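The values are calculated or read from the model by the stated rules, or taken from the named source; none is laboratory data. The structure displayed is predicted, hence computed values, not measured ones. Glycine gets a Cβ as well: all are built from the backbone with ideal geometry, and neighbour counts include every protein chain shown. Please note that ligands, DNA and RNA were not included when accessible areas were found on the heavy atoms of the full protein model with its side chains. Shrake-Rupley method; radii C 1.70, N 1.55, O 1.52, S 1.80 Å.
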Amino acid sequence: MTDVFEITNKDLLGRTGRLYTPHGVVETPTVMPVINPNLRLIEPKELKRYGAQMLITNSYIIFKSERWHDKALKDGLHAMLDFDGPIMTDSGAFQLSVYGSVEVTNESIISFERDIGTDIGVPLDIPTPPDVPFGRARDELDITLERLAVAREYSGKMMLAGPVQGSTYPDLREEAGRRVYAMDFDIYPLGAVVPLMEAYRYRDLVDVVIRSKMGLGPAAPVHLFGAGHPMMLALAVALGCDLFDSAAYALYAKDGRYMTVDGTYHLSQLQHLPCSCPVCSGYSVKELMELDEKTRTGLLAEHNLYATFAELRLIRQSIADGDLMELVERRCRSHPKMLSGLKRMMDYSPYIEKSDPATKSTFFYLGPESCRRPEVYRHNELLNNLQVKGKALITTSRSIDRSGYDNVFYVKVPFGVYPDALGETYPIGQSENIDELECEARDATLENVLGFIIGHSEAEFTFAFTPSWESPVIARIGEVARVARLE
(Lines give C-alpha, C1' and ligand atoms only; values in the text may rest on other atoms or scores of the structure.)
Protein backbone atom coordinates (compact mmCIF):
# COMPACT_ATOMS: atom_id res chain seq x y z
CA MET A 1 0.00 0.00 0.00
CA THR A 2 2.03 2.92 -1.29
CA ASP A 3 -0.15 5.43 0.62
CA VAL A 4 2.06 4.72 3.65
CA PHE A 5 5.03 6.27 1.84
CA GLU A 6 5.30 9.93 0.84
CA ILE A 7 8.12 11.09 -1.44
CA THR A 8 9.36 14.58 -0.58
CA ASN A 9 12.36 15.05 -2.91
CA LYS A 10 13.93 13.19 -5.83
CA ASP A 11 17.32 12.93 -7.51
CA LEU A 12 18.31 10.14 -9.91
CA LEU A 13 16.23 7.17 -8.68
CA GLY A 14 16.90 8.27 -5.11
CA ARG A 15 14.41 10.12 -2.99
CA THR A 16 13.77 11.43 0.46
CA GLY A 17 10.46 10.46 1.96
CA ARG A 18 8.27 9.71 4.94
CA LEU A 19 7.24 6.19 5.88
CA TYR A 20 4.14 6.17 8.08
CA THR A 21 4.05 3.37 10.67
CA PRO A 22 1.93 2.65 13.77
CA HIS A 23 4.77 3.88 15.98
CA GLY A 24 5.67 7.05 14.13
CA VAL A 25 6.89 8.58 10.89
CA VAL A 26 10.31 7.54 9.59
CA GLU A 27 12.34 9.94 7.44
CA THR A 28 13.98 8.06 4.58
CA PRO A 29 16.48 7.03 3.40
CA THR A 30 17.54 5.49 6.68
CA VAL A 31 19.22 2.46 8.21
CA MET A 32 17.51 0.19 10.74
CA PRO A 33 20.14 -1.16 13.16
CA VAL A 34 19.76 -4.90 13.66
CA ILE A 35 19.04 -5.94 17.25
CA ASN A 36 19.64 -9.47 18.44
CA PRO A 37 17.64 -9.65 21.69
CA ASN A 38 20.23 -12.03 23.13
CA LEU A 39 23.27 -9.87 22.24
CA ARG A 40 22.59 -6.19 22.85
CA LEU A 41 25.84 -4.37 22.33
CA ILE A 42 23.94 -1.09 22.50
CA GLU A 43 20.55 -0.99 24.18
CA PRO A 44 17.70 -0.28 21.71
CA LYS A 45 16.48 2.76 23.67
CA GLU A 46 19.91 4.37 23.17
CA LEU A 47 19.88 4.02 19.38
CA LYS A 48 18.00 7.27 18.76
CA ARG A 49 21.02 9.09 20.14
CA TYR A 50 23.00 8.10 17.05
CA GLY A 51 20.30 8.87 14.51
CA ALA A 52 18.27 5.64 14.37
CA GLN A 53 14.54 6.16 13.95
CA MET A 54 13.58 2.54 13.48
CA LEU A 55 15.15 -0.83 14.21
CA ILE A 56 14.82 -4.39 12.98
CA THR A 57 14.99 -7.62 14.94
CA ASN A 58 14.43 -11.29 14.20
CA SER A 59 11.04 -12.71 15.09
CA TYR A 60 12.30 -16.27 14.57
CA ILE A 61 14.92 -15.87 17.30
CA ILE A 62 12.25 -14.53 19.64
CA PHE A 63 9.80 -17.27 18.62
CA LYS A 64 12.34 -20.01 19.43
CA SER A 65 13.61 -18.44 22.65
CA GLU A 66 12.42 -19.77 26.00
CA ARG A 67 13.43 -16.45 27.49
CA TRP A 68 11.70 -14.11 25.03
CA HIS A 69 8.77 -15.96 23.42
CA ASP A 70 6.21 -15.59 26.19
CA LYS A 71 7.47 -12.19 27.29
CA ALA A 72 7.02 -10.80 23.75
CA LEU A 73 3.48 -12.17 23.55
CA LYS A 74 2.59 -10.89 27.04
CA ASP A 75 4.25 -7.45 27.05
CA GLY A 76 4.61 -6.76 23.34
CA LEU A 77 7.75 -6.40 21.24
CA HIS A 78 8.28 -2.71 22.00
CA ALA A 79 8.17 -3.20 25.75
CA MET A 80 10.37 -6.28 25.52
CA LEU A 81 13.07 -4.30 23.68
CA ASP A 82 12.37 -1.04 25.54
CA PHE A 83 12.05 0.90 22.28
CA ASP A 84 9.10 3.18 21.50
CA GLY A 85 9.80 3.72 17.81
CA PRO A 86 8.87 1.58 14.80
CA ILE A 87 10.20 -1.98 14.75
CA MET A 88 10.42 -4.32 11.78
CA THR A 89 10.89 -8.06 12.24
CA ASP A 90 12.48 -10.52 9.86
CA SER A 91 10.88 -13.94 9.73
CA GLY A 92 13.75 -16.42 9.85
CA ALA A 93 14.73 -16.24 6.19
CA PHE A 94 18.33 -15.48 7.23
CA GLN A 95 18.46 -18.65 9.32
CA LEU A 96 16.90 -20.50 6.39
CA SER A 97 19.69 -19.29 4.11
CA VAL A 98 22.36 -20.39 6.60
CA TYR A 99 20.96 -23.67 7.91
CA GLY A 100 18.71 -24.78 5.06
CA SER A 101 15.59 -25.12 7.22
CA VAL A 102 13.71 -23.48 10.08
CA GLU A 103 11.26 -24.87 12.63
CA VAL A 104 8.39 -22.58 11.76
CA THR A 105 5.79 -22.17 9.03
CA ASN A 106 5.00 -19.07 7.04
CA GLU A 107 1.55 -18.80 8.61
CA SER A 108 2.78 -19.27 12.18
CA ILE A 109 5.60 -16.70 11.95
CA ILE A 110 3.34 -14.06 10.40
CA SER A 111 0.79 -14.69 13.15
CA PHE A 112 3.52 -14.42 15.78
CA GLU A 113 4.82 -11.13 14.34
CA ARG A 114 1.27 -9.81 14.41
CA ASP A 115 0.64 -10.93 17.98
CA ILE A 116 3.81 -9.38 19.43
CA GLY A 117 2.97 -5.98 17.90
CA THR A 118 5.48 -5.74 15.08
CA ASP A 119 5.09 -2.58 12.99
CA ILE A 120 6.27 -4.25 9.76
CA GLY A 121 6.37 -8.02 9.45
CA VAL A 122 8.05 -10.16 6.82
CA PRO A 123 6.61 -13.45 5.52
CA LEU A 124 8.87 -16.50 5.40
CA ASP A 125 10.36 -16.02 1.94
CA ILE A 126 13.04 -18.20 0.33
CA PRO A 127 16.33 -16.22 0.06
CA THR A 128 17.81 -17.78 -3.08
CA PRO A 129 21.57 -17.10 -3.15
CA PRO A 130 23.46 -15.81 -6.19
CA ASP A 131 24.51 -17.99 -9.12
CA VAL A 132 22.28 -21.00 -8.44
CA PRO A 133 20.82 -22.89 -11.44
CA PHE A 134 17.92 -21.07 -13.05
CA GLY A 135 15.52 -23.90 -12.25
CA ARG A 136 16.17 -23.61 -8.54
CA ALA A 137 15.77 -19.82 -8.62
CA ARG A 138 12.50 -20.20 -10.52
CA ASP A 139 11.09 -22.85 -8.15
CA GLU A 140 12.07 -20.97 -4.99
CA LEU A 141 10.62 -17.74 -6.35
CA ASP A 142 7.34 -19.52 -6.97
CA ILE A 143 7.32 -20.77 -3.36
CA THR A 144 8.02 -17.25 -2.10
CA LEU A 145 5.20 -15.84 -4.21
CA GLU A 146 2.81 -18.49 -2.92
CA ARG A 147 3.68 -17.60 0.66
CA LEU A 148 3.28 -13.89 0.00
CA ALA A 149 -0.12 -14.47 -1.55
CA VAL A 150 -1.52 -15.86 1.72
CA ALA A 151 0.28 -13.44 4.05
CA ARG A 152 -2.58 -10.93 4.33
CA GLU A 153 -4.85 -13.63 5.76
CA TYR A 154 -2.70 -13.73 8.90
CA SER A 155 -1.26 -10.22 9.24
CA GLY A 156 -4.24 -8.39 10.72
CA LYS A 157 -3.49 -4.65 10.87
CA MET A 158 0.28 -5.20 10.84
CA MET A 159 2.13 -3.63 7.92
CA LEU A 160 3.62 -6.25 5.62
CA ALA A 161 6.80 -6.42 3.60
CA GLY A 162 6.82 -8.26 0.27
CA PRO A 163 10.35 -9.57 -0.45
CA VAL A 164 11.56 -9.60 -4.05
CA GLN A 165 13.70 -12.64 -4.86
CA GLY A 166 15.12 -14.15 -8.06
CA SER A 167 18.82 -14.73 -7.35
CA THR A 168 21.12 -13.08 -9.94
CA TYR A 169 18.70 -13.52 -12.84
CA PRO A 170 17.62 -10.01 -13.89
CA ASP A 171 14.48 -11.20 -15.67
CA LEU A 172 13.36 -13.11 -12.57
CA ARG A 173 14.00 -10.09 -10.36
CA GLU A 174 11.89 -7.89 -12.63
CA GLU A 175 9.12 -10.48 -12.79
CA ALA A 176 9.21 -10.88 -9.01
CA GLY A 177 9.01 -7.12 -8.54
CA ARG A 178 6.00 -6.89 -10.84
CA ARG A 179 4.13 -9.80 -9.23
CA VAL A 180 4.89 -8.78 -5.64
CA TYR A 181 3.87 -5.18 -6.34
CA ALA A 182 0.54 -6.41 -7.67
CA MET A 183 -0.11 -7.99 -4.24
CA ASP A 184 -0.04 -4.52 -2.65
CA PHE A 185 2.46 -4.73 0.20
CA ASP A 186 3.61 -1.81 2.36
CA ILE A 187 7.35 -2.05 1.66
CA TYR A 188 9.38 -4.16 -0.75
CA PRO A 189 12.65 -5.68 0.49
CA LEU A 190 15.18 -6.93 -2.06
CA GLY A 191 16.38 -10.20 -0.60
CA ALA A 192 19.47 -12.41 -0.76
CA VAL A 193 21.86 -9.61 -1.70
CA VAL A 194 24.25 -9.94 1.26
CA PRO A 195 26.49 -12.47 -0.57
CA LEU A 196 26.90 -9.98 -3.41
CA MET A 197 27.98 -7.23 -1.02
CA GLU A 198 30.29 -9.52 0.92
CA ALA A 199 32.02 -10.44 -2.34
CA TYR A 200 32.11 -6.78 -3.49
CA ARG A 201 29.97 -7.69 -6.50
CA TYR A 202 28.52 -4.22 -6.83
CA ARG A 203 28.05 -4.54 -10.58
CA ASP A 204 25.70 -7.49 -10.00
CA LEU A 205 24.04 -5.65 -7.12
CA VAL A 206 23.18 -2.78 -9.48
CA ASP A 207 21.50 -5.24 -11.85
CA VAL A 208 19.49 -6.79 -9.02
CA VAL A 209 18.29 -3.44 -7.68
CA ILE A 210 17.50 -1.79 -11.02
CA ARG A 211 15.72 -4.78 -12.51
CA SER A 212 13.67 -5.21 -9.34
CA LYS A 213 12.80 -1.51 -9.50
CA MET A 214 11.67 -1.94 -13.10
CA GLY A 215 9.06 -4.41 -11.90
CA LEU A 216 7.97 -2.41 -8.86
CA GLY A 217 5.91 0.75 -9.09
CA PRO A 218 7.91 4.00 -8.96
CA ALA A 219 6.40 4.98 -5.60
CA ALA A 220 7.13 1.64 -3.91
CA PRO A 221 9.32 2.00 -0.79
CA VAL A 222 12.31 -0.31 -1.31
CA HIS A 223 14.32 -1.99 1.44
CA LEU A 224 17.77 -3.42 0.65
CA PHE A 225 18.14 -6.34 3.06
CA GLY A 226 21.45 -6.59 4.92
CA ALA A 227 22.96 -3.36 3.58
CA GLY A 228 24.26 -0.67 5.88
CA HIS A 229 27.95 0.07 5.30
CA PRO A 230 28.33 3.84 4.80
CA MET A 231 30.64 3.26 1.81
CA MET A 232 27.82 1.93 -0.39
CA LEU A 233 24.80 3.84 0.87
CA ALA A 234 25.00 6.71 -1.65
CA LEU A 235 25.08 4.28 -4.58
CA ALA A 236 22.20 2.22 -3.19
CA VAL A 237 20.08 5.32 -2.55
CA ALA A 238 20.78 6.59 -6.07
CA LEU A 239 19.47 3.26 -7.37
CA GLY A 240 16.20 3.85 -5.54
CA CYS A 241 16.57 2.12 -2.15
CA ASP A 242 14.87 3.81 0.80
CA LEU A 243 15.46 1.52 3.78
CA PHE A 244 18.50 -0.44 4.87
CA ASP A 245 19.31 -2.71 7.78
CA SER A 246 22.63 -3.82 9.08
CA ALA A 247 24.32 -5.53 11.97
CA ALA A 248 27.69 -4.40 10.61
CA TYR A 249 28.03 -1.62 13.18
CA ALA A 250 28.16 -4.28 15.92
CA LEU A 251 29.78 -7.19 14.07
CA TYR A 252 32.61 -5.01 12.82
CA ALA A 253 33.11 -3.52 16.28
CA LYS A 254 33.48 -6.99 17.80
CA ASP A 255 36.22 -7.65 15.28
CA GLY A 256 37.95 -4.33 16.08
CA ARG A 257 36.95 -2.75 12.77
CA TYR A 258 36.31 0.93 12.25
CA MET A 259 33.86 1.99 9.52
CA THR A 260 34.25 5.02 7.24
CA VAL A 261 32.71 6.14 3.94
CA ASP A 262 35.97 5.16 2.23
CA GLY A 263 36.06 1.62 3.60
CA THR A 264 36.85 -0.27 6.78
CA TYR A 265 40.01 -0.11 8.89
CA HIS A 266 41.18 -2.32 11.69
CA LEU A 267 41.68 -0.19 14.76
CA SER A 268 45.12 -1.70 15.39
CA GLN A 269 46.28 -0.41 11.98
CA LEU A 270 45.20 3.19 12.55
CA GLN A 271 47.41 5.95 13.87
CA HIS A 272 44.71 8.63 13.75
CA LEU A 273 40.91 8.61 13.93
CA PRO A 274 39.60 10.39 10.78
CA CYS A 275 36.29 11.40 12.33
CA SER A 276 34.92 14.04 14.68
CA CYS A 277 32.10 12.04 16.29
CA PRO A 278 31.97 12.05 20.14
CA VAL A 279 33.95 8.78 20.30
CA CYS A 280 36.74 9.95 18.00
CA SER A 281 36.83 13.38 19.61
CA GLY A 282 37.12 11.88 23.07
CA TYR A 283 39.68 9.14 22.50
CA SER A 284 42.90 8.55 20.62
CA VAL A 285 43.73 5.24 18.94
CA LYS A 286 46.16 4.48 21.76
CA GLU A 287 43.53 5.18 24.42
CA LEU A 288 40.97 2.95 22.70
CA MET A 289 43.48 0.12 22.38
CA GLU A 290 44.24 0.32 26.11
CA LEU A 291 40.58 -0.15 27.11
CA ASP A 292 39.14 -3.53 28.03
CA GLU A 293 37.61 -5.39 25.09
CA LYS A 294 33.97 -4.87 26.09
CA THR A 295 34.34 -1.11 26.49
CA ARG A 296 36.38 -0.76 23.30
CA THR A 297 33.85 -2.81 21.33
CA GLY A 298 30.99 -0.66 22.58
CA LEU A 299 32.77 2.55 21.63
CA LEU A 300 33.62 1.21 18.17
CA ALA A 301 29.98 0.29 17.66
CA GLU A 302 29.00 3.82 18.63
CA HIS A 303 31.45 5.30 16.12
CA ASN A 304 30.19 2.97 13.39
CA LEU A 305 26.64 4.17 14.02
CA TYR A 306 27.69 7.82 14.03
CA ALA A 307 29.55 7.32 10.71
CA THR A 308 26.56 5.57 9.16
CA PHE A 309 23.97 8.17 10.11
CA ALA A 310 26.26 11.09 9.24
CA GLU A 311 26.49 9.68 5.71
CA LEU A 312 22.70 9.32 5.55
CA ARG A 313 22.24 12.96 6.52
CA LEU A 314 24.67 13.98 3.78
CA ILE A 315 22.81 11.81 1.26
CA ARG A 316 19.48 13.39 2.19
CA GLN A 317 21.00 16.86 1.83
CA SER A 318 22.51 15.90 -1.52
CA ILE A 319 19.08 14.84 -2.78
CA ALA A 320 17.63 18.16 -1.63
CA ASP A 321 20.47 20.04 -3.36
CA GLY A 322 20.24 17.99 -6.55
CA ASP A 323 23.86 16.82 -6.47
CA LEU A 324 23.48 13.18 -5.41
CA MET A 325 25.32 12.04 -8.54
CA GLU A 326 28.45 13.95 -7.55
CA LEU A 327 28.39 12.27 -4.13
CA VAL A 328 27.89 8.85 -5.71
CA GLU A 329 30.83 9.37 -8.06
CA ARG A 330 33.10 10.43 -5.21
CA ARG A 331 32.11 7.47 -3.06
CA CYS A 332 32.38 4.91 -5.85
CA ARG A 333 35.94 5.97 -6.62
CA SER A 334 36.99 4.82 -3.14
CA HIS A 335 37.16 1.18 -4.26
CA PRO A 336 37.62 -0.49 -7.70
CA LYS A 337 34.61 -2.75 -7.15
CA MET A 338 32.46 0.22 -6.19
CA LEU A 339 33.61 1.90 -9.39
CA SER A 340 32.43 -1.12 -11.37
CA GLY A 341 29.02 -0.59 -9.77
CA LEU A 342 29.01 3.05 -10.87
CA LYS A 343 29.89 2.06 -14.43
CA ARG A 344 27.07 -0.48 -14.47
CA MET A 345 24.68 2.12 -13.10
CA MET A 346 25.49 4.37 -16.05
CA ASP A 347 24.39 1.58 -18.40
CA TYR A 348 20.91 2.26 -17.05
CA SER A 349 20.99 6.03 -17.70
CA PRO A 350 18.05 5.91 -20.17
CA TYR A 351 15.93 4.27 -17.45
CA ILE A 352 17.17 6.54 -14.66
CA GLU A 353 16.57 9.63 -16.78
CA LYS A 354 12.81 9.00 -16.71
CA SER A 355 12.77 9.67 -12.94
CA ASP A 356 15.62 12.16 -12.67
CA PRO A 357 14.55 15.81 -12.19
CA ALA A 358 14.93 17.90 -15.35
CA THR A 359 16.68 20.78 -13.58
CA LYS A 360 19.21 20.84 -10.74
CA SER A 361 21.73 23.21 -9.24
CA THR A 362 25.01 22.05 -10.78
CA PHE A 363 26.66 19.45 -12.98
CA PHE A 364 30.29 18.64 -12.19
CA TYR A 365 32.43 16.50 -14.44
CA LEU A 366 34.36 14.19 -12.10
CA GLY A 367 35.63 11.53 -14.48
CA PRO A 368 34.79 9.41 -17.51
CA GLU A 369 31.62 8.05 -15.93
CA SER A 370 30.21 11.59 -15.87
CA CYS A 371 29.96 11.37 -19.67
CA ARG A 372 27.20 8.79 -19.30
CA ARG A 373 25.06 10.52 -16.72
CA PRO A 374 21.28 10.69 -17.26
CA GLU A 375 21.53 14.44 -17.89
CA VAL A 376 23.84 13.84 -20.85
CA TYR A 377 21.51 11.21 -22.27
CA ARG A 378 18.49 13.50 -21.83
CA HIS A 379 20.23 16.48 -23.43
CA ASN A 380 21.06 14.55 -26.59
CA GLU A 381 17.60 12.97 -26.77
CA LEU A 382 16.00 16.42 -26.62
CA LEU A 383 18.30 17.68 -29.39
CA ASN A 384 16.63 15.16 -31.69
CA ASN A 385 13.57 17.41 -31.61
CA LEU A 386 15.46 20.28 -33.26
CA GLN A 387 14.77 20.98 -36.92
CA VAL A 388 18.09 21.84 -38.60
CA LYS A 389 18.26 22.74 -42.28
CA GLY A 390 20.61 24.66 -44.54
CA LYS A 391 24.21 25.34 -43.61
CA ALA A 392 25.09 24.57 -40.00
CA LEU A 393 28.27 25.25 -38.04
CA ILE A 394 29.34 23.26 -34.98
CA THR A 395 32.40 24.74 -33.29
CA THR A 396 34.51 24.47 -30.17
CA SER A 397 35.53 28.15 -30.47
CA ARG A 398 33.55 31.25 -29.60
CA SER A 399 35.78 33.52 -31.70
CA ILE A 400 35.14 31.92 -35.11
CA ASP A 401 33.46 33.86 -37.93
CA ARG A 402 29.86 32.65 -38.01
CA SER A 403 28.72 34.54 -41.10
CA GLY A 404 27.24 32.50 -43.92
CA TYR A 405 25.65 29.88 -41.69
CA ASP A 406 21.94 29.35 -41.12
CA ASN A 407 22.51 27.59 -37.77
CA VAL A 408 25.37 27.82 -35.27
CA PHE A 409 26.02 25.33 -32.48
CA TYR A 410 28.70 25.13 -29.81
CA VAL A 411 30.29 22.19 -28.01
CA LYS A 412 30.55 21.54 -24.30
CA VAL A 413 32.00 18.59 -22.39
CA PRO A 414 30.54 16.05 -21.99
CA PHE A 415 27.20 16.91 -23.57
CA GLY A 416 28.26 17.61 -27.13
CA VAL A 417 26.27 20.05 -29.27
CA TYR A 418 24.12 22.85 -27.86
CA PRO A 419 22.48 25.94 -29.41
CA ASP A 420 23.37 29.31 -27.92
CA ALA A 421 19.81 29.70 -26.61
CA LEU A 422 20.42 26.81 -24.18
CA GLY A 423 23.76 28.14 -22.96
CA GLU A 424 22.33 29.47 -19.68
CA THR A 425 19.92 26.60 -18.93
CA TYR A 426 20.52 23.37 -17.00
CA PRO A 427 22.66 21.38 -17.52
CA ILE A 428 24.78 23.36 -20.02
CA GLY A 429 24.80 26.62 -18.06
CA GLN A 430 25.34 24.93 -14.69
CA SER A 431 28.26 22.71 -15.69
CA GLU A 432 31.87 23.73 -15.12
CA ASN A 433 34.28 24.00 -18.02
CA ILE A 434 37.14 21.50 -17.95
CA ASP A 435 40.52 23.20 -17.98
CA GLU A 436 42.45 20.14 -19.16
CA LEU A 437 40.52 18.04 -21.65
CA GLU A 438 40.80 14.33 -20.86
CA CYS A 439 40.77 11.97 -23.83
CA GLU A 440 37.78 10.03 -22.48
CA ALA A 441 35.70 13.19 -22.04
CA ARG A 442 36.84 14.57 -25.38
CA ASP A 443 35.97 11.43 -27.32
CA ALA A 444 32.63 10.93 -25.58
CA THR A 445 31.72 14.53 -26.40
CA LEU A 446 32.74 14.08 -30.03
CA GLU A 447 30.66 10.91 -30.26
CA ASN A 448 27.67 13.03 -29.24
CA VAL A 449 28.60 15.58 -31.92
CA LEU A 450 28.75 12.81 -34.48
CA GLY A 451 25.39 11.45 -33.38
CA PHE A 452 23.83 14.91 -33.69
CA ILE A 453 25.11 15.34 -37.25
CA ILE A 454 23.90 11.89 -38.31
CA GLY A 455 20.52 12.55 -36.74
CA HIS A 456 20.04 15.79 -38.69
CA SER A 457 21.00 14.67 -42.17
CA GLU A 458 18.97 17.39 -43.92
CA ALA A 459 21.55 20.02 -42.94
CA GLU A 460 25.00 20.65 -44.41
CA PHE A 461 27.38 20.64 -41.45
CA THR A 462 30.81 22.12 -40.85
CA PHE A 463 32.67 21.08 -37.71
CA ALA A 464 35.37 23.58 -36.72
CA PHE A 465 37.60 22.55 -33.83
CA THR A 466 40.61 23.82 -31.93
CA PRO A 467 43.80 21.68 -31.62
CA SER A 468 42.98 20.37 -28.13
CA TRP A 469 40.04 18.48 -29.68
CA GLU A 470 42.19 16.44 -32.05
CA SER A 471 40.92 12.87 -31.88
CA PRO A 472 40.39 9.72 -33.96
CA VAL A 473 36.68 10.52 -33.81
CA ILE A 474 37.31 13.57 -36.01
CA ALA A 475 37.97 11.29 -38.98
CA ARG A 476 34.54 9.73 -38.57
CA ILE A 477 32.94 13.16 -38.30
CA GLY A 478 34.73 13.99 -41.55
CA GLU A 479 32.77 11.24 -43.29
CA VAL A 480 29.45 13.06 -42.69
CA ALA A 481 30.50 16.72 -42.43
CA ARG A 482 33.10 19.20 -43.55
CA VAL A 483 35.89 19.43 -40.96
CA ALA A 484 38.00 22.53 -40.30
CA ARG A 485 40.91 22.61 -37.87
CA LEU A 486 41.30 26.02 -36.23
CA GLU A 487 44.82 27.28 -35.47
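Structure notes:
- Residue match in region 2-15 (condition: in contact with a Lys or Arg (Cβ under 6 Å, 6 or more places away or on another chain), outside any helix (DSSP H, G or I), of a type in the set (Asp, Glu) and modelled with pLDDT of 95 or more): yes
- Residues that are assigned to a helix (DSSP H, G or I) and surrounded by 21 or more Cβ atoms within 10 Å (Cβ to Cβ), drawn from region 48-73: 50, 59, 60, 62, 63, 72
- Test: residue 89 is part of a strand (DSSP E or B), open to solvent by less than 40 Å² (accessible area, probe 1.4 Å) and not aliphatic (A, V, I, L, M): yes
- Taking region 248-273 as the range and being surrounded by fewer than 17 Cβ atoms within 10 Å (Cβ to Cβ), modelled with pLDDT of 95 or more and assigned to a loop (DSSP other than H, G, I, E, B) as the test, the residues that pass are 255, 270, 271, 272.
- Scanning region 366-392 for residues that are out of contact with any strand residue (DSSP E or B) (no Cβ under 7 Å at 6 or more places or on another chain) and assigned to a loop (DSSP other than H, G, I, E, B) turns up 366, 367, 373, 384, 385, 386, 387.
- Count - residues of region 431-456 that are outside any helix (DSSP H, G or I) and either among the β-branched types (Val, Ile, Thr) or modelled with pLDDT under 95 (or both): 8
- Put simply, of 441, 421 the only residue that is farther than 17 Å from residue 391 by Cα and open to solvent by 20 Å² or more (accessible area, probe 1.4 Å) is 421.
- Some residue of region 392-414 being open to solvent by less than 20 Å² (accessible area, probe 1.4 Å), under 16 Å from the mean Cα position of the chain (by Cα) and of a type outside the set (D, E, K, R): no
- Residue in region 112-119 that is assigned to a loop (DSSP other than H, G, I, E, B), out of contact with any strand residue (DSSP E or B) (no Cβ under 6 Å at 6 or more places or on another chain) and surrounded by fewer than 19 Cβ atoms within 10 Å (Cβ to Cβ) present: no
- Verdict on residue 80 being at pLDDT 95 or above, of a type in the set (A, V, I, L, M, F, W, C) and in a strand (DSSP E or B): no
- Residues satisfying the criterion are present in region 458-466 (criterion: aromatic (Phe, Trp, Tyr), under 41 Å from the mean Cα position of the chain (by Cα) and surrounded by 15 or more Cβ atoms within 10 Å (Cβ to Cβ)).
- Strands (runs of 3 or more DSSP E) enclosed by region 136-247 - at least 3 residues per element that are of a type in the set (Asp, Glu), open to solvent by 10 Å² or more (accessible area, probe 1.4 Å) and within 30 Å of residue 258 (Cα to Cα): none
- In this structure, residue 321 does satisfy being open to solvent by 50 Å² or more (accessible area, probe 1.4 Å), touching a residue at least 12 places away in the same chain (Cβ under 8 Å) and out of contact with any Pro (no Cβ under 8 Å at 6 or more places or on another chain).
- Unmet requirement for residue 24, which otherwise passes all of (1) at pLDDT 95 or above; (2) within 30 Å of residue 128 (Cβ to Cβ): (2)
- Qualifying residue in region 346-355 (condition: within 20 Å of residue 240 (Cα to Cα), open to solvent by 10 Å² or more (accessible area, probe 1.4 Å), among the aliphatic types (A, V, I, L, M) and outside any loop (DSSP other than H, G, I, E, B)): no
- In region 27-47, the residue that is farthest from the chain's Cα centre (by Cα) out of those that are open to solvent by less than 10 Å² (accessible area, probe 1.4 Å), under 24 Å from residue 278 (Cβ atoms) and among the β-branched types (Val, Ile, Thr) is 35.
- Every residue from region 278-316 that is open to solvent by less than 10 Å² (accessible area, probe 1.4 Å) and hydrophobic (A, V, I, L, M, F, W, C): 279, 288, 300, 301, 305, 309, 312, 315
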